[in-house]
Amino acid sequence: MSCKICSRQVKEKGYCNRHLKAYQNIYEKFEMWKKALEVTWMDYLSKISKNSLTGEWAKEVAKQLIEDDRRNVKEK
Amino acid sequence: MRKYTLIIAEKPDAASRIATALDDNGKTIRENSKDVPFFVAKNGDKEIIVASALGHLYTVTGTKKGEWSYPVFNYQWQPRWIVEKSASKIRVWLKVISKLAENATEFVDACDYDIEGSIIGYSILKYACNGKEKTAKRMKYSTLTREELKESFANLLPHLDFDLIEAGLARHEIDWLYGINLSRALTLAAKNSSCRYTTLSTGRVQGPTLKYLETREKNIRVFVPTPFWNITAKISIDDHSFDFEYGKKAIETKTEATNISATCKVREGKIDKIDIKEFQQNPPVPFDLSALQSEAYNFFKYTPIQTSKIAQYLYVNALISYPRTSSQKLPPTIGYDIILKKLCKSTLYQELAQKLLVQGALKPNEGTKVDPAHPAIYPTGDQPDKALDASEKNIYDLIVKRFLAVFGEPVLKQSVKVSVDINQNLFFMTGYRTLKEGWMKYYKPYVHSKDVSLPKLFEGKKVTVENVVLKDNFTKPPLRYNPRSLLKKMEKEKIGTKATRATVIQTLYTRKYLEGVQNMTITDLGFGVAEVLRNYCPDVASSEMTKKLEEKMEQIQLKQDTKQNVLTDAIKVLKTVTSTLKQNQTEIGVQLGQKIKQLQLDRQTVGNCNKCQTGKLVIIRSKKTGKRFIGCTNFFESTCNASFPLPQKGTIKSLSSLCKTCGYPVIKVLISQKYPWNLCLNPNCPVKENKK
Ligand SMILES: [Zn+2]
């Protein structure tokens, strides 16, 4: 099976090892953002996906998570 | 018959210097045989001929010719002209040396006293001079000044440094075995899968270096910044403005930060505390090669290779001591005061050198690193024979000033840490004052005092708060490597030698594993190779194994291990590695083949397709007509037929830029003996219409 984002092989949670590491980082750093800015998960994702310091792979994961959420909302 | 002593130097420039220095009248006769120069000198009743190498004249190569497979474990040392097409000049060169050796009664190796130099001299004496490595004597010197060369010749070492040579041969042989086997494994895997031939390489030092770059790039690409805030205050004391910083440098929540900044909206504060400290700064330590490269990058942005080349030029011209050293020591035997007196002859350094001479006892502030063969880098004090160019002047100046500075007295400084209370919030600033300039006066402009002059201060003094600024910040990703930081990393991890590290980095560029100079970025192909190494031969890419091997090679030099042992171990490891690579050849090929295809596509790509919006415009050659044109990649899927004509002559280069008038991609056309020109792909571009 290939990664939700690229064509590489899935390691865990639907991500390849590169995007998995980015996903884990995003997940971990959310606690600090929540404390710092009282943001919601979606707000956070949108902020980091636009931040120029965010790494390329982390941006791809953030955008994909936003897209996933949009799709879920529509389906509901 | 003419009888003489034959001296072998490393390069023609050095040979000429040695001959001139050893000649009783300080003159040498340059003779030529088949365009190969050698230098004749008269020394007492002796005639001396100084011939030279041209760097390495021999190299390691496989025993079987023309067979392109792996694993390969049989090798031999051979003249370079047999192995490398570009080294054809060496054939005649070696013939001339062999001819000169026939009538020589005594042999002396005067190549640079380090691993590479020792191997160069050894292999010439052994192979070109018919086994004279056993009886040859050795000249050891660190500068090419007349005095030192004469002394070195008068006190020849009785034989070559065989331990150093053994260690060096082991290094070359092991590097060859690693390089040839791993590179062939990668290249063949890629070729079998993609049917395209692209030279891929890796090696004992290259593998781990690529891994550092890969790890750094990955950390950057998965990086997620986190916010923090800091607060600064502009405070006026006696009509002078100063920048103060809030005590907590990174405030983690916006609420806390805004609360603090809100309570600071007052006009007045008072000095809470003044903390004055005096401290000393010792002089810098003498330059070893990597410190020189690092400082040269810092001030002049010269790459390590550039600095190394410039330093080598200064050395060959007897202006500085041997630069490829890892020593931070300057022994008294180099003659501190003699060098300083010589430097007094230069208008640039006269004043500074004079100051040191009257200062009294000269004692350099040495570092801890040692090099068994050479001291740290220092100027000889000799004046240049011909004018130096700008970059040579820069490096020379840096070396002289550093040499002078290491003898200077410590700098005495005072730090004044002031805290100001703004409505019970403490803000800080530290100012510095130089009390005694010490060594800094010798090292200008490469050191700044960073002094801040402060007005009269006392605790409780009222100050005016001009403004308080709350700033949003984010944590930063790690920095990409640059030539200096990557070299430092390799040195810290103890992989490679000072002579080889810069070349390894260069190879990563040549192989297209790496892009950018100031921000070194690993390419997709680099990622691919690093990944293959990690998955199929993790040991090869690990610093651990490379480091261990480096240690073993050092042990050969110290007689604690033998070359044979170390090579047997290395071959054992390689046998396992190559067999794993062979077993997984197809899989590896698929991985690398994709990257190579992508790389080649990128090279042919001139921009995005405006017509279908999804394809890329690439250079295509028509199978029918043989003519080239630009087409869309979706053409192959029959979904887009965008195409543009191209000039049939010359080289086309992608500029990755768009036409300012019509927005179509622009390419560069290069035809020999013509000025290159930029061409907009759009045949109906208004600019072209106007020209009509
Ligand atoms: Zn992925």
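No lab work stands behind these numbers, since they all come straight from the coordinates. If you're wondering where the values come from, they're calculated on a predicted model, not measured in any experiment. Note that we place each Cβ from the backbone using ideal geometry, even for glycine, and neighbour counts take in every protein chain shown.
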Taking segment A:17-75, the equivalent ellipsoid from its C-alpha gyration tensor has semi-axes in Å, biggest first, of 17, 16, 10
Charge dipole of segment B:289-405 about the Cα centre (unit charges at C-beta), most positive-ward option of B:Pro375, B:Thr307, B:Ala361
B:Ala361
Quick one: net charge around A:Gln64, please, counting Lys, Arg +1 and Asp, Glu -1 for every other residue with C-beta under 12 Å from its C-beta.
+2
Mean separation of Cα contacts under 8 Å (6+ apart) over length of segment B:391-536, as relative contact order %
15
Sum -39500 (n - 2.57) across every DSSP H segment of at least 4 residues in chain B, then divide by the residue count to get the 222 nm mean residue ellipticity, nearest 500.
-12000 deg cm²/dmol
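What trypsin sites (Lys or Arg not before Pro) in segment B:114-202 are in a loop by DSSP, with at most 12 other Cβ atoms within 10 Å of the Cβ? If you can, show how the numbers build up before the last one.
Values: sites: B:Lys126, B:Lys132, B:Lys134, B:Lys137, B:Arg138, B:Lys140, B:Arg146, B:Lys150, B:Arg171, B:Arg184, B:Lys191, B:Arg196; in loops: B:Lys140, B:Arg196.
When the trypsin sites (Lys or Arg not before Pro) of segment B:114-202 are filtered for loop state and at most 12 Cβ neighbours within 10 Å, B:Arg196 remain.
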How large is ³J(HN,Hα) for each residue in segment B:104-120, as worked out from phi by the Karplus curve 6.51 cos²θ - 1.76 cosθ + 1.60 (θ = phi - 60°), to whole Hz, x for Gly and Pro?
7, 9, 9, 10, 9, 8, 10, 6, 3, 8, 8, 4, 5, x, 5, 6, 4
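Sort B:451-462, B:493-504, B:309-320, B:635-646 by the packing proxy (mean of other Cβ within 10 Å over each peptide's residues), most packed first.
Values: B:451-462: 11.2, B:493-504: 19.7, B:309-320: 21.7, B:635-646: 14.3.
Taking the mean over residues of other Cβ atoms within 10 Å, the ranking is B:309-320, B:493-504, B:635-646, B:451-462.
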Please list, in order along segment B:52-61, the HN-Hα scalar couplings obtained from phi with the Karplus expression 6.51 cos²θ - 1.76 cosθ + 1.60 (θ = phi - 60°), rounded to whole Hz, x for Gly and Pro.
9, 7, 10, x, 6, 9, 10, 8, 7, 8
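Let's see if you can work this out: charge +1 on each Lys and Arg Cβ, -1 on each Asp and Glu Cβ, no other charges. What is the dipole magnitude of segment B:289-405 about its Cα centre, in debye to the nearest 20? Don't jump to the answer; show the numbers that get you there.
Numbers: 14 positive and 10 negative charges, 21 e Å.
Taking the Cα centre of segment B:289-405 as origin, the dipole is about 100 debye.
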Work out Dmax and Rg for segment B:606-691 from the C-alpha atoms and quote the Rg first, both in angstrom.
13.1, 40
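Regarding the protein assembly as shown, what's the average projected area of the Cα-atom convex hull, expressed in nm²?
Working: hull surface 183.9 nm².
For the Cα atoms of the protein assembly as shown, the hull's average projected area reads 46.0 nm².
Show me the trypsin sites (Lys or Arg not before Pro) within segment B:385-435 that DSSP assigns to loop and that have at most 11 other Cβ atoms within 10 Å of their Cβ.
Details: sites: B:Lys386, B:Lys393, B:Lys401, B:Arg402, B:Lys413, B:Lys417, B:Arg433; in loops: B:Lys386.
When the trypsin sites (Lys or Arg not before Pro) of segment B:385-435 are filtered for loop state and at most 11 Cβ neighbours within 10 Å, B:Lys386 remain.
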Where Lys and Arg each count +1 and Asp and Glu each count -1, what net charge lies around B:Ile377 among other residues with Cβ under 10 Å from its Cβ?
+1
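Relative contact order of chain B, please, whole-number percent, based on alpha carbon pairs below 8 angstrom and at least 6 residues apart. Could the numbers behind the result be given before it?
Numbers: 1265 pairs, mean separation 91.8, N = 692.
The normalised contact order for chain B reaches 13 percent.
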What is the packing order of peptides B:281-292, B:93-104, taking the mean over residues of other C-beta atoms within 10 Å and listing the highest first?
B:281-292, B:93-104
Which far-off residues, 5 or more places away or on another chain, put their amide H under 5 Å from the one on B:Tyr4, with H placed in the peptide plane?
B:Thr105, B:Glu106
Compare the Cα positions of B:Pro538, B:Val411, B:Gly663 along the charge dipole of the protein assembly as shown (+1 at Cβ of Lys, Arg; -1 at Cβ of Asp, Glu; about the Cα centre) and return the one farthest towards the positive end.
B:Gly663
Check: C-alpha center segment B:574-647 vs C-alpha center segment B:80-108, spacing in Å is 47
Which residues qualify? For B:Asp561, with a placed amide H closer than 5 Å and at least 5 residues away or on another chain, they are B:Ile556
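Cα-Cα pairs above 35 Å in chain B: how many percent?
Details: 145713 of 239086 pairs.
It works out to 61 percent of all Cα pairs.
Over segment B:4-160, what relative contact order in percent results from Cα pairs under 8 Å that are six or more residues apart? The partial results should precede the final answer.
Working: 303 pairs, mean separation 39.7, N = 157.
Relative CO of segment B:4-160 lands at 25 percent.
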Enumerate the amide H contacts of B:Arg138 below 5 Å, restricted to partners 5 or more residues apart or on another chain; note that Pro and chain-start residues carry no placed amide H.
B:Asp109, B:Leu157, B:His159
On average, how many beta carbons from a partner chain sit within 10 Å of the beta carbon of a residue in A:31-38?
5
Mean per-residue count of partner chain Cβ within 10 Å for B:223-233 equals 6
Using unit Cβ charges (K, R positive; D, E negative) and no other charged atoms, how large, in debye to the nearest 20, is the dipole of chain B about its Cα centre?
2800
Segment A:8-76 versus segment B:407-442: alpha-carbon centroid distance in Å:
45
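How well do other chains shield peptide A:47-58, expressed as the mean number of their Cβ atoms within 10 Å of each residue Cβ? If you can, show how the numbers build up before the last one.
Values: counts 2, 5, 0, 0, 5, 2, 9, 7, 10, 5, 5, 7.
Counting other chains' Cβ atoms within 10 Å and averaging over A:47-58 gives 5.
With charges only on Cβ, +1 for K and R and -1 for D and E, what is the dipole size of segment B:4-160 about its Cα centre, in debye, rounded to 20? Please report the intermediate quantities before stating the final value.
Working: 23 positive and 20 negative charges, 112 e Å.
So the magnitude is around 540 debye.
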Report Rg (one decimal) and Dmax (nearest whole number) for segment B:550-613, counting Cα atoms only, units Å.
22.5, 71
Which pairs in the list B:Lys150/B:Lys488; A:Lys59/B:Lys492; B:Lys512/B:Lys649 are over 28 Å apart, alpha-carbon to alpha-carbon?
B:Lys150/B:Lys488; A:Lys59/B:Lys492
Ranking B:Leu169, B:Ile235, B:Val420 by how far each Cα lies towards the positive end of the charge dipole of chain B (+1 on Lys and Arg Cβ, -1 on Asp and Glu Cβ), the top one is B:Leu169
Residue-wise, which Karplus ³J(HN,Hα) couplings in Hz belong to segment B:320-326, taking 6.51 cos²θ - 1.76 cosθ + 1.60, θ = phi - 60°, and x for glycine or proline?
9, 7, 3, x, 7, 10, 10
